[in-house]
Amino acid sequence: MKRTTTFAILLVWAMLAQAQFLIKGTVTDAQGLPLVGAAIQIQGTLAGTLSNTEGVFQLKGIHKGTHDISVSYLGYEKQTRHLNVDKDLSLTFVLKTIAIMADEVVVKSTRAGNQAPGTYTNLNKTQIREQNLGQDLPYILSLSPSVVASSDAGTGIGYTGFRIRGTDANRINVTVNGIPLNDAESHGVFWVNMPDFTSSIDNIQIQRGVGTSTNGAAAFGATINMQTNTLEEEAYAEINSSAGTFNTFKNTVKVGSGLLNGHFAFDARLSKITSDGFIDRAFSDLKSYYLSGGYYAENTLIKVNVFSGAETTYQAWNGVPKVRLESDFEGMQRYEDHGLYSHEETQQMMASNPRTYNLYTYKNETDNYQQDHYQLFFSQKLNENLNFNAALHYTYGRGYYEQYKVDDDLEDYAIPYVIAVNDTLYSSNLIRQKWLDNDFYGAVASLNFKNSKLDASLGGGANRYDGRHFGTIIWAQHMGNLEKDYEWYRNTGTKTDWNSYAKTNVMITEAFSVYVDVQYRHISHEMVGIDDDLRNISQTHNFNFFNPKAGIRISPSANSEVYLYIARASREPNRSAFTDIGPGQTVPKAEHLHDIEAGYSFHNPLVKLGANFYYMAYLDQLVLTGQINDVGSAIMTNVDRSYRRGIELMGKLTLTEFFSWDMNLSWSENKILDFTEYIDNWDTWTQESIHRGKTDIAFSPNVVFNSLLKVSPVKNLTFGLSSQFIGKQYIDNTQSTDRMLDAYLVNNLQIHYTLKPAFADALTLSLLINNLDNYNYETNAWVYSYLLGGERYAMDGYFPQAGTHFLAGITLRF
């Protein structure tokens, strides 16, 4: 180990000792006005920076030789120059405005601009592409500040999710090109329904806390704003294939026409991903496509996007019981003794691998879903300062999950008992499917004005969701006189959501700006019918929210800024929060969040530094307390006061064109001020309450640390070592170490090497090795607690992640 460390130090020292030069310059428009935040990049290296408030940039540590330097800025033509570097250079770039409307106008009104206060991270196409070897989007985002990703199957493929600052995905607003993506009723985003969508994403903005006003679901802790492929003026074709552990394969084909006749462009992608998963039988079979066509003119943009994803995944939702993880055979036997598992299920658990155990064994215990998206955009430049954007959208989703149920009570399905020979049967083995069939459609629009002093947007959207929930029994051992595909429940959900917003950023001086943003949102949600537990869930709810936001931004120097941002967000309860409520129980109220963000950032050619302080105060946050309804299902309960507060530190060190180090550290405190737990008592068949007082909010680690160390010893070859440390997380709100995810540190290695052969524009070889230390850890869990014989017990499920595993890829671009 000592020899390896010494060699690494000598290697870095030798690289640093090579002749190095300074490239500095300015970036302006045709009138000579500085372009702030222009991206400058030495191609094929790690060297890159942004222009400051005076349009000035510097790149230090550039080695002697030939280099290609590119400069890009939104709404302007990209410039690339070929340089022979043998001394310090001073350059001037004068960028021309694009003669056609840029795709970026589609997302402008829902994003935080360069001059706006607030806490956000931008990911560009290069950063996204480097991470994209087949894992779902949560893992592409996982190195961003305060992000924690999880995977049911343990590999980042299939059912995946993430939290930001401990906020779960049901509270995070997600849009694609400004179009809402969150499911209208559950508020969730199911990335498994959009396999390899990352291959069609151009850029992503992650806003932490209460972000700027946007369309769709409440931004109740974070916002993810994605933009799909933008215009590529040259025709291209790309083939990408990856293969790895657990029989993982990803194949993607992309083609683009380039700009035809100066006005038309078309793009297409076709993808397929398969994997056996780390957890037993947790396979994924995923397919998707993306089609886009656009008309581009100097003042007009018309574009159509059509994309779809279809998934079949074996269910790994139950997780691994803690007693199985710890090889506690006495605890496993207790699952049978307490009636949690059958004898056969208990024996299977005892005989299984402690980290890959899966309760489900029925061959078709699968989730099957397809989701089709249609988007139509129209943008018109009205004058030099004003443009109008509008979009229509439609999403059609349908699918089911199938389950084999052993000895289920027939009365749970409204089936009368079955008279058999010499017997009356009240239960049966059966196979059921739970279906969701839904339509989501609407329109969004915005009017945007920008000059040197003012950046303002007026916009909004109106959307409607029509959902149909129903369940069928496709086979039963004892069906009596019932026909196949007997339907035991059906209900509908109709939800309308419209919002309007006005936001403006005023440059009082070149160094001081004021931001004001107000949003009004109306929601109407109607549910009619019978749910899967045979309860009538018919009900209607209406909400009206006013969400103001304001902030200031000060630039003490050309390379630094400070900001203060204050915002309010409101969120209506999701479908299950309403449907799970039993007779006589309190109907859940809307949640409210008041967020304060204050930060400082500094950058020069060598370092980028940032610090953000936040305080998120919740009123009536909905949490699980252990309370149940009349049929034993857990319900969400409003807690009066809770909060999250913390500091996020970000830094990047770029010593030379071949060495960079990105890192971020989040420390937080996440508390419910006065929590009461409810627990089932199996001896009395009642619930008991336990006053816990001030407790940690579940799934909210106090520490999240990310590091990405990149070394490029030669041009076009990059090694990246990423590390993530996640502090301990409680899996319920009792703050008990008996119900906790342990802290973990995971290291991954990426290698990318790009060649330029004669038969292709580029050939890139990639290797991703995950969990280098083969560390055993879990990223998610659930728990149900109960009392029996005066003792406390738990039924739970933890989600182990795979040990050392790899994905190797090759990309050919023509």
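Just so you know, all these numbers are worked out from the coordinates, no wet-lab data involved. Given the structure is predicted, the values throughout are model-derived calculations rather than measurements. Every residue, glycine among them, receives a Cβ derived from its backbone with ideal geometry; neighbour counts consider all protein chains shown.
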Between the range 475-524 and the range 238-300, what's the alpha-carbon centroid distance in Å? 27 Å
Can you give the relative contact order of the chain as a percent, counting alpha carbon pairs under 8 Å and 6+ residues apart? 10 percent
Within the range 380-449, which GluC sites (Glu not before Pro) sit in a loop by DSSP and count at most 11 neighbouring Cβ atoms inside 10 Å? GLU384
The range 102-159-the range 397-471 distance, computed between alpha-carbon centres (Å): 27 Å
Entries of LYS125/LYS254; LYS24/LYS64; LYS64/LYS715; LYS549/LYS652 with Cα pairs more than 22 Å apart: LYS549/LYS652
Run lengths n ≥ 4 of DSSP H only: what is the helix-derived mean residue ellipticity at 222 nm for the chain, with -39500 (n - 2.57) per run over all residues, to the nearest 500? -1500 deg cm²/dmol
Rounded to the nearest Å, what's the spacing between the alpha carbon centres of the range 34-54 and the range 533-607? Just the number, please. 33 Å
For LYS671, net neighbour charge (Lys/Arg +1, Asp/Glu -1) across residues whose Cβ lies under 12 Å away: +2
Go through the range 656-743 and name the chymotrypsin sites (Phe, Trp or Tyr not before Pro) that are in a DSSP coil and have 16 or fewer other Cβ atoms within 10 Å of their Cβ. TRP682, TRP685
What's the ranking of 707-717, 164-174, 799-809 by average number of surrounding C-beta atoms within 10 Å, highest first? 164-174, 799-809, 707-717
In the range 430-518, lysine pairs closer than 27 Å at Cα, eight or more apart or cross-chain: 5
Just to check I understand the Karplus step: with θ = phi - 60° and J = 6.51 cos²θ - 1.76 cosθ + 1.60, what whole-Hz values come out for the range 218-228, glycine and proline as x? 4, 8, 9, x, 5, 9, 10, 10, 10, 10, 7
What is the percent of Cα-Cα separations in the range 306-439 that go past 23 Å? 61 percent
10 Å binning of all Cα-Cα separations within the range 174-280, expressed as whole percents from 0 upward: 12, 32, 30, 23, 2, 0
Surrounding net charge for PRO195, when Lys and Arg each add one and Asp and Glu each subtract one, Cβ distance under 14 Å: -2
Relative to the compact-globule scaling 2.2 N^0.38 Å, provide the ratio for the alpha-carbon radius of gyration of the range 539-670. 1.50
Among all the lysines, which ones have a C-alpha under 16 Å from LYS96's C-alpha, if same-chain residues fewer than 8 places away are not counted? LYS78
